[in-house]
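**Q** Handing you a structure now.
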Amino acid sequence: MTELPHSAGILPAGLTTADFARALADFAAAIGEEHTHTDAETLAEYGDPYRPAGTGTRASAVLLPGSVAEVQAVVRLANRYRIPLWTVSQGRNFGYGGGSPRVPGSVIVSLRRMDRVLEVNEDLAYAVVEPGVSFEKLYETLRAGNHRLTVSVPDIGWGSIIGNTLDHGYGFTWYGDHAERACGMEVVLPDGDLLRTGMGALTGGHAWHVHRRGFGPAAESLFMQSNFGIVTRMGVWLMPTPECYAPCFLKVPADSDLERLVGIVRGLLLDRTIQNIPLLADGLMLASAVARRDRWWPGPGPVPDDVITRILDELGLGRWNVRFALYGSEHIVDAQLSTIREAVSGIPGAELIAAEHSGDAAPADIPVPDHVQAGIPNREMLGALNWRGGRAGNLNFSPVAPLSGTHIRRLIDLLRPVMHDAGFDCLSAVMLTPRSGIAIFGLVYDSDDHDQVERAFAACREMVETAGRHGYGEYRSHLDVMDHVSGRFDFNDHAQRRFNQKIKDALDPHGILSPGKQGIWPGRTP
Ligand SMILES: Cc1cc2nc3c(=O)[nH]c(=O)nc-3n(C[C@H](O)[C@H](O)[C@H](O)COP(=O)(O)OP(=O)(O)OC[C@H]3O[C@@H](n4cnc5c(N)ncnc54)[C@H](O)[C@@H]3O)c2cc1C
């Protein structure tokens, strides 16, 4: 609902109410009054869902442009009025700040209306999408068109392919490293100019979405985790739907076997017996998705170790568990499975459970926990953060380590005490690639409980410092700790920060685009 002039009570810094009313009228003229919102309900939709109501950084308006030309018009007006914008595709970056901006009074540019699947190429196995296309929408489009193509999806399927990819998001098929599978972008630059990357820079270029570089520097990574442009189109490579899909679950009972387990899985990833992104999860993390902690432990502090043992026994979970999947023709999957069984047979008490489905099985034919690795989007995990009761919420701390048991163990030894001291359980999982482990330490809380939320953010900041001092940096972060995280990437007197700021100031002299994102602040603020 549009309520003009502005009524939500917060303005972009430096603008009077009259200035902002004029700017809103110009935005409305450019994109339509019905797509220019200042009402509290719409603004709340783009807040951080995992904070007490009314807290967090507030925006002043939400704009929903419907085309590239409208995005360009919005950017040019923001330059004229010196208004900070904050871009989101779906704005569902839950656990990392949702759709909220870094600078109070920013205007959200939501690209939800730009939701066309522009192309599906069956032979070359890719699609081209606008920013509002969710994983769910691409999945439905592929099924409706009977395409034998599978999209890699994150644990929650309602987010956008472009927003998730730009934030270096992960799914869990062969193509789970989403940034690696993006190919060819169109980008509105901070001055309103329009750039096509790679082979798209060639007018009429045929190889835009099939070849990941062009002539000269490859610019695509510069638009990921940055504030250098608004991506309005992107190619995404898709996995040919396999004949057979085999979800697997490996349980290891003893904590002391972590190092051995990681070494074995690394070998299987390096020789490509396993080709997806496996998830190594501690048993308590998996238990936290099943029930509230007070079912087993009513006390305020972390669940004691003997109680954890009882929980894992009751739920049939290992201390360490690996979720992974195999894809291909049936005889190849069977051969891979027997290689894996052999590899893990030396781990005392290890249990490997595997199922086999047709690669194009319908959602109803596969148990919901196995959907994600099949590329079937779902929203089940949204309800899985209820460990502390109340209104479910979480804050993820996500450091990266070399894929060795020693490093994973060191991270846990460093971070568990910080989480425990703050009164949280240490819930951890690691996404595995052949050479690195991307850890997720989940601080799960009741979003309405101010004290829990404050303790979680304080613990997260401390984890940034602790991990950083020991050489572990984050792959992604919540908005409110971005300056802390970027501050730890400090080699040579913060050469990376200085480099990013030079690019920022060259591209965005008025500093209007997502100021502060990833700790990149413009020299001049709007
Ligand atoms: C329980 C739970 C499970 C989760 N599981 C996963 C998981 O498995 N994998 C995973 O990756 N994430 C996961 N997440 C995190 C998050 O929910 C997803 O990554 C989600 O897809 C991100 O939301 P979005 O796609 O709407 O991105 P958005 O919120 O739209 O954008 C994400 C970021 O990219 C920037 N951006 C967005 N669009 C553009 C654009 N067009 N141009 C320039 N910049 C842009 C935004 O400023 C923002 O910083 C999980 C979260 C929770 C709570």
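The values are calculated or read from the model by the stated rules, or taken from the named source; none is laboratory data. In this text the structure is predicted, and so the values were computed from the model without any measurement. Cβ coordinates were reconstructed from backbone atoms using ideal geometry, including for glycine residues, and neighbour counts include every protein chain displayed. Calculation scope for accessible area: heavy atoms of the full protein, side chains included, ligands and nucleic acids excluded. Shrake-Rupley method; radii C 1.70, N 1.55, O 1.52, S 1.80 Å.
**Q** Charges only on Cβ, +1 for Lys and Arg, -1 for Asp and Glu: so what's the dipole of region 17-110 about the Cα centre, in debye to the nearest 20? Each step should come with its number before you reach the end.
**A** Numbers: 8 positive and 9 negative charges, 87 e Å.
Roughly 420 debye, rounded to the nearest 20.
**Q** Reachable lysines from Lys504, Cα under 27 Å, same-chain residues fewer than 8 places away excluded?
**A** Within the straight-line cut-off, Lys504 pairs with Lys517.
**Q** Follow-up. Take Glu465 and Asp334, extend 7 Å from each Cα along the Cα→Cβ direction, and tell me the distance between the two endpoints in nm.
**A** Inter-label distance under the simple model: 5.8 nm.
**Q** Put a dot 7 Å past each Cα toward the Cβ at Phe215 and Glu356; how far apart are the dots in nm?
**A** Each label point is offset 7 Å from its Cα along the Cβ direction, giving 5.1 nm.
**Q** Still on this structure, I have one more. Based on the mean of other beta carbon atoms within 10 Å per residue, what is the order of 167-176, 405-414, 63-72, most packed first?
**A** Working: 167-176: 22.6, 405-414: 17.6, 63-72: 20.1.
Order by mean packing, descending: 167-176, 63-72, 405-414.
**Q** While we're on this one: Taking the Cα centre of the chain as the origin, how large is its charge dipole in debye, to the nearest 20, when only Lys and Arg (+1) and Asp and Glu (-1) carry charge on their Cβ atoms?
**A** In total the dipole reaches around 1180 debye.
**Q** State, to one decimal in nm, how far the label point of Thr203 lies from the label point of Trp158, with both points 7 Å from Cα in the Cβ direction.
**A** Taking the two extended label points, one gets 4.4 nm.
**Q** Specify, per residue and in Å³, the volume enclosed by the convex hull of the alpha carbon atoms belonging to the chain.
**A** Values: hull volume 77.4 nm³, N = 526.
Per residue, the Cα convex hull of the chain comes to 147 Å³.
**Q** Pop out the ³J(HN,Hα) list for region 88-100 in order, Karplus 6.51 cos²θ - 1.76 cosθ + 1.60 with θ = phi - 60°, rounded to Hz; leave Gly and Pro as x.
**A** Along region 88-100, the couplings run 9, 8, 9, x, 10, 7, 4, x, 10, x, x, x, 7 Hz.
**Q** If you count, for each residue, the other Cβ atoms within 10 Å and average over each peptide, how do 217-226, 511-520, 493-502, 441-450 line up from highest to lowest?
**A** Ranked from most to least packed, the peptides come out as 511-520, 441-450, 217-226, 493-502.
**Q** At 1.4 Å probe radius, can you tell me the per residue accessible area of the chain in Å²?
**A** Per-residue accessible area for the chain comes out at 40 Å².
**Q** Where both residues lie in region 17-110, what percent of DSSP beta bridges are antiparallel, nearest 5?
**A** Within region 17-110, antiparallel bridges account for around 20 percent of the total.
**Q** In addition: Under a point-charge model restricted to the Cβ atoms of Lys and Arg (+1) and Asp and Glu (-1), what is the dipole moment magnitude of region 117-240 relative to its Cα centre, in debye to the nearest 20?
**A** 220
**Q** Okay, helix-only estimate at 222 nm for the chain: each DSSP H run of n ≥ 4 adds -39500 (n - 2.57), divide by all residues, round to 500 deg cm²/dmol; what do you get? Intermediate values should be presented prior to the final figure.
**A** Working: 13 runs with 157 residues, N = 526.
The helix contribution divided over the chain gives -9500 deg cm²/dmol.
**Q** Using the Karplus equation 6.51 cos²θ - 1.76 cosθ + 1.60 (θ = phi - 60°), what ³J(HN,Hα) coupling, rounded to whole Hz, does each residue of region 508-517 give in order, writing x for Gly and Pro?
**A** Taking θ as phi minus 60°, the curve returns 9, x, 8, x, 8, 9, 6, x, x, 4 Hz for region 508-517.
**Q** Further question: For the chain, build the charge dipole from Cβ charges (+1 Lys, Arg; -1 Asp, Glu) around the Cα centre, then report which of Ala467, Ile161, Ile347 sits farthest towards its positive end.
**A** Ala467
**Q** Of the accessible area of region 117-240, with the probe set at 1.4 angstrom, what percent is carbon plus sulfur? If you can, show how the numbers build up before the last one.
**A** Details: 2490 of 4750 Å².
Of the solvent-accessible surface of region 117-240, carbon and sulfur hold 52 percent.
**Q** I've got another one for you. From the backbone phi of region 365-375, what are the Karplus-calculated ³J(HN,Hα) couplings (6.51 cos²θ - 1.76 cosθ + 1.60, θ = phi - 60°) in whole Hz, Gly and Pro given as x?
**A** So the J values, rounded to whole Hz, are 8, 10, x, 3, x, 9, 5, 4, 5, 8, x.
**Q** Want the number for Asp365 to Asp490: 0.36 nm per residue separation, take away the alpha-carbon distance, what's left?
**A** 40.0 nm
**Q** Taking amide hydrogens as modeled 1.01 Å from N in the peptide plane, which residues meet the under 5 Å criterion relative to Ile274, leaving out close sequence neighbours?
**A** Leu269
**Q** Counting only other residues whose beta carbon sits under 13 Å from that of Glu220, what net charge do I get with K and R as +1, D and E as -1? Provide the component values of the computation, followed by the final result.
**A** Details: positive: Arg181, Arg196, Arg212, Arg213, Arg233; negative: Glu180, Glu186.
Charge balance in the 13 Å sphere: +3.
**Q** Which one, Leu118, Gly229, Val188, is farthest towards the positive end of the dipole of region 117-240 when Lys and Arg carry +1 and Asp and Glu -1 on their Cβ?
**A** Leu118
**Q** Place +1 on the Cβ of every Lys and Arg and -1 on the Cβ of every Asp and Glu in region 237-300, take the dipole about the Cα centre, and give the residue among Leu270, Gly283, Leu250 whose Cα lies farthest towards its positive end.
**A** So the residue furthest toward the plus end is Gly283.
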